[in-house]
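Right, one structure below, let's go through it.
The values are calculated or read from the model by the stated rules, or taken from the named source; none is laboratory data. Since the structure is predicted, the reported quantities are computational estimates derived from the model, not experimental observations. Reconstructed Cβ throughout: ideal geometry from the backbone, glycine too, with neighbour counts over all protein chains shown.
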Amino acid sequence: MTMTQLDERLGETSVLPAARRRLHELLGQRFVRTIGVTVIVIAVVAIIAGLVSHSPDVVWQAIITGLLNGGVYSLIAMGLTLAYGVLHIINFANGSMLTLGLYLAYVAVHDWGMQPYVALLFVIPAMMAFGALTQKFLLNPVMNGASHNQLLVTIGLAVGLENLILLIAGPNPVSVTLPHGGSFSLFGATVDLGRLYAFVGAIAMVVLLSLILQKTPVGTAVRAVAANPVGASLVGVNIKNIYVLTFAIGGAAIGAAATLIAPFQSITPTTGDVFNLTAFVVVVLGGMGNVAGALVGGFVVGLTEQLAGIIFPEQSPLLSVFVVFLIVLFIRPRGVFGRAS
Amino acid sequence: MKKSVTALALGTAVIATIALAGCSGAAAAGGGTAAKSGTKVDKVVIGSLHPETGSSAADGQAMDNGAQMAVDAINKAGGIKSLGGAKLELDKGDTKGTPDVASTEANREISDGAVALIGTYASGVSTTISALAEKAQVPFVMDISAADSILQQGYKYSFRVQPSATAIGTQGADAVAAIAAKNGVKLSKVGYLYDQGAGETSLEVAFAKEAKAKGFTVDTAIKYDSMSLTDATTQIAQIKAAGDTTLIVSGYYADSLAIAKSIAASGIKLDAVFGVGDGAYDQQTFLTDAPNGGEGYYNTNYAIAKSAEGQQFATDYQAKFNTPVRTGAALAYDAVQVIAAGLEDSGSADPVKLRDAIAAEKSYTGIAFGSGPIAFSSTGENTSARTVATQILGGKVTVVYPDDQATGTAKFPAF
């Protein structure tokens with residue numbers, strides 16, 4: 001079977017959202033309805049927030065901040081969702097890998113004098129190599145075992161990385177400054193430039209990852225392995241290499257996320273932990289393994305945090321995030337954009 | 001039938017193992033504390049419990065360093081004289097910031113012969129350790145742990161060197177009122193951003209209560225989660241909409257820094273930002289991380305005293321560890337010194353006698369600022385514990401209140 005034939009078959013049965021399938025969904029009622037319901041719910045919540053705060057300015061700022069933060073969350077969740085979608089690995093080391101990326105960005109900017117965004121050229125390949133090596137030497141040997149084995153390897157990696165960074169870099173916080181950074185006012189709401197760049201980066205990454213997965217032969221092979229590893233190997237796909245490649249792409253995504261958030265994030269050996277929980281919520285909300293879903297999941301979490309913070313000022317915003325999380329899982333057990341099995 | 005016999009046998013074996021383990025633990029503890037009054041002992045072990053790894057590692061390691069400096073100073077001066085010059089030894093335990101790891105470490109230290117414990121930086125951890133210390137009858141001197149509730153359980157073996165959350169919140173409101181009044185500013189209301197943790201919540205409650213007594217109110221109080229707050233533009237927009245021009249903040253480092261960045265980004269016009277027991281606004285790293293070097297930011301917190309001993313400690317620390325001292329190091333230093341003073345007075349390395357001596361202690365004046373020698377109330381609070389207000393002036397963390405500790409004059413409006 002040629003790649004084209006394989007692609008055609010996958011169009012009907014793929015577990016990952018194949019291009020055609022997504023196109024159908026996009027035009028299909030269900031997708032439009034989901035987006036519609038999401039937007040309506042957010043609008044209603046925003047109106048309530050407006051009534052509680054008596055200030056349209058506050059709500060407007062909350063929406064802008066929520067969207068910008070949501071972009072950051074989805075950026076961080078991208079590598080996580082990719083590893084799950086293809087490898088079915090729940091990567092607990094996602095947060096520590098983010099920390100590693102942040103420190104690499106710090107070294108590039110602080111010690112080597114790189115411009116913070118030029119550092120992408122160093123951090124992305126470095127994290128890609130890290131991802132590839134991790135998969136090849138730590139995860140591939142246990143890929144055929146029970147799934148908790150892989151889980152335990154990633155937990156071990158997380159603990160190891162965090163403490164290695166602590167040993168080398170020490171516990172004091174460091175930061176990356178953005179030259180010509182700053183902020184501007186968008187109809188009265190403050191927009192931080194660094195966050196805006198990260199937001200744009202998140203959308204660019206969704207497009208790029210979707211294109212790689214849908215339009216390239218490599219992407220087809222990746223989706224084939226995700227759908228049916230045995231079948232893929234029968235038609236000549238080297239599964240282990242695809243695993244390595246996928247984790248490498250996941251590493252690259254984490255590297256990009258780290259470099260993009262470095263300019264506005266205080267960096268310590270445990271910074272990644274802060275995002276770990278949120279990233280899992282984002283991934284599950286968006287549908288495990290769904291790259292575009294991670295973007296929407298990020299926005300939902302970001303907006304929930306901000307708007308709920310206004311409506312319930314005495315409650316932790318995290319509480320509202322988990323309430324929304326439970327409601328969504330109750331209505332849609334496979335996430336907003338998850339497919340029925 | 002056969003199954004139940006096996007289960008019974010297994011159960012008995014497990015119980016026997018636990019019982020034996022308990023015995024060996026008790027025996028080890030007995031062995032370590034065998035040194036009774038009058039006996040000459042070679043060394044006395046103090047167990048420290050701090051987060052050497054994890055998110056609070058920067059403070060935990062600094063506090064270990066401070067405790068070690070106290071041990072070294074005492075040993076250099078001839079050890080515990082009433083115990084024949086016995087040397088002190090610090091048994092360091094890494095709590096990782098969690099109660100369960102801390103308990104394991106505390107049990108290990110006690111069974112290895114520790115006669116007293118210090119720690120733990122986190123109130124949640126100290127809550128667990130204070131119960132454990134009570135049961136084991138080993139004195140536990142807290143260096144940092146603010147929650148009032150820890151010492152409201154009627155424990156006899158727990159003591160606290162730092163001021164409680166309520167004391168910090170109350171003294172914070174006093175400082176804000178005094179500084180505003182001194183600069184001719186009539187303060188009527190303030191905004192308050194604080195972390196959802198128990199300690200920060202009691203800070204806010206105590207502050208609001210004292211503020212009322214001083215003639216101003218907490219107008220907008222917004223709670224946030226320090227674990228997830230990386231951007232505070234919405235909260236700042238709320239403060240702006242409410243028209244509050246003085247902002248109070250009680251949080252940890254990263255979130256307080258995020259608040260400072262959001263204030264700068266939003267361009268809000270504030271008279272002052274006042275940390276109350278805040279983890280950032282008096283830290284050296286804040287000077288480099290914050291917009292405009294954090295110029296003008298206030299904090300109310302425990303601090304190293306202006307005394308010769310306090311300043312010498314800061315200099316020695318910087319020289320030894322090549323990094324600016326954190327106040328936590330001074331509190332850990334004081335915790336060890338108080339225990340040493342207790343050992344000296346009791347002439348015994350027996351934890352029960354040591355406890356009584358610490359409770360009656362009033363011979364040691366701390367290097368952390370206080371109103372006099374460290375002395376404990378019946379609940380174990382340090383009655384001399386005081387806070388100071390600092391302000392970042394000309395790129396330096398400067399004490400501005402109370403007047404007898406001040407090294408600079410408060411600027412209000414600060415920006």
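Annotations for the structure displayed:
- Of the residues A:Asn144, A:Asn172, A:Asn163, the single one that is more than 14 Å from every other protein chain (Cβ to nearest Cβ), of a type outside the set (D, E, K, R), outside any strand (DSSP E or B) and at negative phi is A:Asn144.
Per-residue answers, yes or no, for (1) part of a loop (DSSP other than H, G, I, E, B); (2) in contact with a Ser or Thr (Cβ under 9 Å, 6 or more places away or on another chain); (3) within 26 Å of B:Val176 (Cα to Cα):
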position	(1), (2), (3)
B:Gly328	no, no, yes
B:Tyr333	no, no, no
B:Thr390	no, yes, yes
B:Asp403	yes, no, yes
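- Taken as a whole, the condition of being within 14 Å of chain B (Cβ to nearest Cβ), without any contact (Cβ under 8 Å) to a residue 60 or more places away in the chain and buried (at least 16 other Cβ atoms within 10 Å of the Cβ) applies to A:Ser183.
- Qualifying residue in region B:259-278 (condition: of a type in the set (D, E, K, R) and crowded, with 20+ Cβ neighbours inside 10 Å): yes
- Residue pairs meeting the criteria (Cβ under 6 Å; at least 6 apart or on separate chains; first under 17 Å from B:Gly370 (Cβ atoms), in region B:319-342; second of a type in the set (Ser, Thr, Tyr) and surrounded by fewer than 20 Cβ atoms within 10 Å (Cβ to Cβ)): B:Gln337/B:Tyr364; B:Val338/B:Tyr364; B:Ala341/B:Ser363; B:Ala341/B:Tyr364
- Selection count where residues are part of a strand (DSSP E or B) and either within 15 Å of the chain's Cα centre (by Cα) or of a type in the set (Gly, Ala, Ser) (or both), scope region B:273-306: 5
- Candidate set: region B:207-235, residues that are modelled with pLDDT of 95 or more and buried (at least 23 other Cβ atoms within 10 Å of the Cβ); chosen: the one nearest to the other protein chains (Cβ to nearest Cβ): B:Phe207
- Check on A:Pro171, touching a residue at least 24 places away in the same chain (Cβ under 8 Å), under 30 Å from A:Ile63 (Cβ atoms) and over 20 Å from the mean Cα position of the chain (by Cα): no
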